[in-house]
Amino acid sequence: MPWFDHNATAPLAPEARAAWLDAADSHWQNPSAPTSASARAHAKLDECRARVAAVFDEHEKQVVVFNSGATEGNNAVLCSEAYKTGSGLAIVSAVEHASVMEPARRHFGDRLIVAPVDARGRLDLAAFEALLRRGGVTFVSVMAANNETGVLQPWMQAARLAASHGAKVHCDATQWLGRLPADSLACLDYVTASGHKFGAPKGVGVLLVRACNRDFHGQFGGSQENGRRAGTEDLAGIAAFTAALESAAAEALPRLAERLAWRDEFEAAMTALMPDVEINGAGAERLWNCVSLKMPRHVSSRWVARLDRRDFQVAVGSACSSSAGKPSSVLAAMGLAEHEARRTLRVSAGRATTRADWVALAEAFAAVAAELDGDSGANLVVPV
Ligand code: PMP
């Protein structure tokens with residue numbers, strides 16, 4: 001069953017499963033208790049922290065805080081920064097995930113500025129810099145890779161600009177981590193991500209925070225995670241996260257060219273099949289695993305249902321926006337009209353996806369196109 005919805009979630013990786021079972025059996029004790037067995041659990045926790053830090057190649061400037069995932073991390077960062085910075089302004093890009101956008105609106109209120117993206121969905125750096133020049137900005141959040149389009153954001157350039165204006169920088173790296181090299185992220189003030197996008201179980205993630213940032217507390221009520229996130233650690237989940245991250249990170253660079261080629265072949269096949277199909281974000285650097293397709297006809301839910309019958313799972317825009325039933329704010333920020341957003345599909349491959357899977361997906365699209373075009377025309381969405 002070719003799963004093409006990895007941006008929503010990925011299957012458990014074998015190495016993560018093995019690490020999870022081992023830690024659940026051997027280190028089930030509370031790592032914070034004063035017993036020798038708990039000390040061993042704590043040592044395992046420390047080992048995982050060091051291994052994750054090594055993937056980020058951080059040199060003691062940042063600390064690794066394990067948590068339940070990017071939603072928790074993003075909320076914690078936004079809340080902490082809004083509370084700390086008093087009257088400081090915040091800038092977030094217009095294509096941030098709801099777990100950044102909503103806490104940003106709630107905690108910063110009218111101190112929040114939303115920076116525009118260009119038609120390819122990439123942060124407009126000139127506009128971003130102009131906003132910084134106005135002064136008073138203490139915090140910015142720019143994601144690494146967009147969950148709906150796969151478009152890579154210029155987060156490093158944005159971070160340099162923000163730092164030169166004295167603002168702290170957060171990057172939601174949820175769709176980047178495990179797919180592209182993570183080492184350069186270690187220069188930022190905050191990095192957040194979830195493990196289930198690259199083969200760890202759901203409900204475990206990571207937050208990188210600067211070691212000197214002593215007054216960051218994601219949760220209160222305990223001294224776990226060096227006082228930065230209270231609550232008993234999910235050691236088995238953390239061990240699985242560590243194993244999945246290490247193996248995903250190890251193959252990220254060596255397999256990049258091949259994976260990009262497969263994505264490009266799929267896009268070429270789709271364009272040959274339907275010359276008026278459009279790739280959202282075309283021309284921008286994008287993740288190797290993700291293609292956002294603006295279909296020339298038929299609402300996206302019809303494509304999803306027909307592909308599903310053929311055992312191919314793809315998504316309508318993004319899993320998060322589809323459940324809310326609202327057209328995607330990401331596509332709107334890129335200038336797509338609502339009827340175009342309603343024809344948009346997202347396909348997202350994973351670590352185990354093969355070239356044959358991509359080819360089979362394009363073939364399934366061809367068959368479904370013939371089916372849908374043969375139907376009565378109900379739900380046909382045409383540009384107005
Ligand atoms: N940020 C981005 C960019 C995402 O894609 C997601 C998941 N769709 C999240 C944050 C939230 O991740 P989680 O649901 O694992 O907390």
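Since every read-out is calculated from the coordinates, none of them should be taken as a lab result. This structure is a prediction, so every number in the text was calculated from the model and none was measured. Every residue, glycine as well, gets a Cβ built from its backbone with ideal geometry; the counts of neighbours run over all protein chains shown.
Summary of computed values
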quantity	calculated
Charged-residue dipole, Cβ positions (Lys, Arg, Asp, Glu), the chain about Cα centre, Debye nearest 20	660 debye
Within segment 187-242, chymotrypsin sites (Phe, Trp or Tyr not before Pro) in DSSP loop having at most 10 other beta-carbon neighbours inside 10 Å	220
Furthest towards positive pole of dipole, 114, 364, 295, structure part the chain, Cβ charges	114
For segment 43-105, size of Cβ-based charge dipole, Lys and Arg +1, Asp and Glu -1, in debye	100 debye
Magnitude of the charge dipole, segment 39-198, Cβ model with Lys/Arg +1 and Asp/Glu -1, debye to 20	120 debye
Quotient of Cα Rg and 2.2 N^0.38 Å for segment 188-249, N being how many residues it contains	1.17
DSSP beta bridge pairing in the chain, given as percent antiparallel to the nearest 5	60 percent
At least 27 Å along the helix axis (C-alpha) and Kyte average at least 0.0, DSSP helices within the chain	36-56, 355-374
Residue-averaged 222 nm ellipticity for the chain, from DSSP H runs of 4+ at -39500 (n - 2.57), nearest 500	-13000 deg cm²/dmol
Potential lengthening between residue 202 and residue 30 on full extension [0.36 nm per residue; Cα-Cα distance subtracted]	59.9 nm
Options 71, 212, 242, ranked by Cα towards positive dipole end of segment 14-251, top entry (Cβ charges)	212
Cβ-based exposure ranking for 63, 77, in which fewest neighbours within 10 Å come first	63, 77
In order through segment 189-195: 3J(HN,Hα) via Karplus (6.51 cos²θ - 1.76 cosθ + 1.60), integer Hz, x for Gly, Pro	6, 9, 10, 10, 6, 10, x
Whichever aspartates and glutamates have a C-alpha closer than 20 Å to that of residue 326, once near sequence neighbours (fewer than 8 apart) are set aside	5, 96, 102, 148, 338, 340
Residue 143 long-range amide H proximity, modeled H, under 5 Å	93, 172
Exposure rule at most 15 other beta-carbon atoms within 10 Å, DSSP loop GluC sites (Glu not before Pro): the chain longest free segment	61-284
Gain in span if fully extended, residue 102 to residue 273, counting 0.36 nm per residue against the direct Cα distance	57.7 nm
√(5λ) per eigenvalue of the Cα gyration tensor, the chain, largest first, Å	36, 27, 17
Partner lysines for residue 84 [C-alpha distance under 23 Å; skip if fewer than 8 residues away on the same chain]	61, 168
Segment 281-360 versus segment 7-28: alpha-carbon centroid distance in Å	28 Å
